[in-house]
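Colleague: Structure in structure tokens, see below.
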Amino acid sequence: MNDYAIEVRDFRKTYGDFIAVDGVSFDVKQGEIFGLLGPNGAGKTSTLESLEGLRSPDGGSLRVVGIDPAREPQKLRNVIGVQLQSSGLPESITPDEAMKLFCAYHDVVPRFDLLERLGLNEKRKAQFAELSTGQQRRLALALAVAHQPQVLFLDEPTAGLDVASRVELHGLVRELQAKGTSIILATHDMAEAEEMSDRVAILLGGKLVTIGTPMEITAAGAGLTKVSVHTQGNTLTDPDLRFPAVSQQSVKDDYAIFFSTDIGQTVSALIAHVEAEEDTLIDLRVERPSLEDRFLEITTTGGTP
């Protein structure tokens, strides 16, 4: 059995003279949550729509569980689920009616339990136009997974959701993954991508500039770790102080903030200084670079590490 749910090889998509995607290649493993990231215009939407069978590639090849999306759309429809940013449902349709319609399309029993699971039980008879943005997005997810697809495409899945709904949605996605569903997550929420994704790929200008686990990608950056320190006597807030491996420093709300290339050297020196000044350490926080930090670094340098 193929270990990959999705295989993309030298994929190219153009619109007239404009090259939207230029020779992109990547794989998504069976049961993997794969984050597809990039700024607007990077090529994410063209890639997703081609994998979903909505557009045809202008070069290279695409396979979703062995299916060519452009040539075998009938086979594709029952193995994928898609949650779009805009569902396109009629304003007058109810969640109950939408669930019956989608499940009839896929020839499965209606999954009303998903409406309850996603907090839509009391809105089952309400018209789509009467639902809040968050409720509409939860309905879109319920419809996308009702037929238990092998591959699920999520486009900004938690946009407009409150904290409780985000947690519930993430829990459902994890359950689907545990059952073997492969998931492509396209999002501008870097914290969500870092938390949920097994691996991520970053597109920039139609090219894939990096791919790996969130930890691998953040470790490949400039490597600056943020150290925030608050002491009783504020002996670290003098801007003229210098400590080893510190490339930047500032002060905010009585915290001395240092960006270090070698956390061991920096923290040891900071603690030694506090002790030498007979000051008292109140709080010390060490924050490794986040995926968002690395994403900004990549996109502002044109993909150059």
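All of the numbers you see were taken from the coordinates with simple rules; none came from a lab. Everything numeric here is computed off the predicted structure, so don't read it as measured data. Cβ coordinates were reconstructed from backbone atoms using ideal geometry, including for glycine residues, and neighbour counts include every protein chain displayed.
Colleague: For the chain, with a Gaussian network of springs between Cα atoms less than 10 Å apart, report the residue from Leu185, Leu89, Leu241 with the top mean-square fluctuation.
Modeller: Between Leu185, Leu89, Leu241, it is Leu241 that shows the largest mean-square fluctuation.
Colleague: For Lys123, give me every one of the lysines with a C-alpha distance below 18 angstrom, ignoring sequence neighbours fewer than eight places off in its own chain.
Modeller: Answer for Lys123, where 18 Å is the Cα cut-off: Lys100, listed by chain and number.
Colleague: Once each part is reduced to its C-alpha centroid, what is the distance from region 102-162 to region 184-257 in angstrom?
Modeller: Each part's Cα centre sits 35 Å from the other's.
Colleague: Springs between alpha-carbon pairs under 10 angstrom, Gaussian network model over the chain: which of Asp254, Asp27, Asp189 fluctuates most?
Modeller: Asp254
Colleague: Once both axes come from the Cα atoms, what is the angle between helix 163-178 and the longest principal axis of the chain, in degrees from 0 to 90, rounded to 10?
Modeller: Approximately 70 degrees, to the nearest ten.
Colleague: Output needed: percent of Cα pairs per 20 Å distance bin for the chain, bins running from 0 to the one holding the longest distance.
Modeller: Going out from 0 Å in 20 Å bins, the chain shows 29, 46, 22, 3 percent.
Colleague: If the elastic network links every pair of Cα atoms under 10 Å, which of Gly119, Gly43, Gly206 fluctuates the most in the Gaussian network model of the chain?
Modeller: Gly119
Colleague: Would you please give the residues with an amide H less than 5 Å from that of Tyr4, counting only those at least 5 places away or on a separate chain, with H modeled from the backbone geometry?
Modeller: Gln30
Colleague: Right, something else. As I understand it, the dipole of region 138-266 uses +1 on the Cβ of Lys and Arg and -1 on the Cβ of Asp and Glu, about the Cα centre. Which of Ala201, Leu161, Val229 lies farthest toward its positive end?
Modeller: Ranked along the dipole, the leading option is Ala201.
Colleague: For a protection proxy built on the mean count of beta-carbon atoms within 10 angstrom, sort 274-286, 190-202, 169-181 highest first, please.
Modeller: 190-202, 169-181, 274-286
Colleague: Have a look at Val286, His106, Phe18 and report the one farthest towards the positive end of the charge dipole of the chain, computed about the Cα centre with Cβ charges (Lys/Arg +1, Asp/Glu -1).
Modeller: His106
Colleague: Could you work out the helix-only [θ] at 222 nm for the chain, with each DSSP H run of four or more residues adding -39,500 (n - 2.57) and the total divided by the number of residues, to the nearest 500 deg cm²/dmol?
Modeller: After summing the helix terms and dividing by residue count, I get -9000 deg cm²/dmol.
Colleague: Would you mind counting up the charge near Ala245? Only other residues with Cβ under 15 Å from its Cβ, with Lys and Arg at +1 and Asp and Glu at -1.
Modeller: Its environment carries a net charge of +2.
Colleague: Please express the shape of region 104-214 as an equivalent ellipsoid: the semi-axes are the square roots of 5 times the eigenvalues of the C-alpha gyration tensor, given largest first in whole angstrom.
Modeller: Largest first, region 104-214 gives 27, 16, 13 Å.
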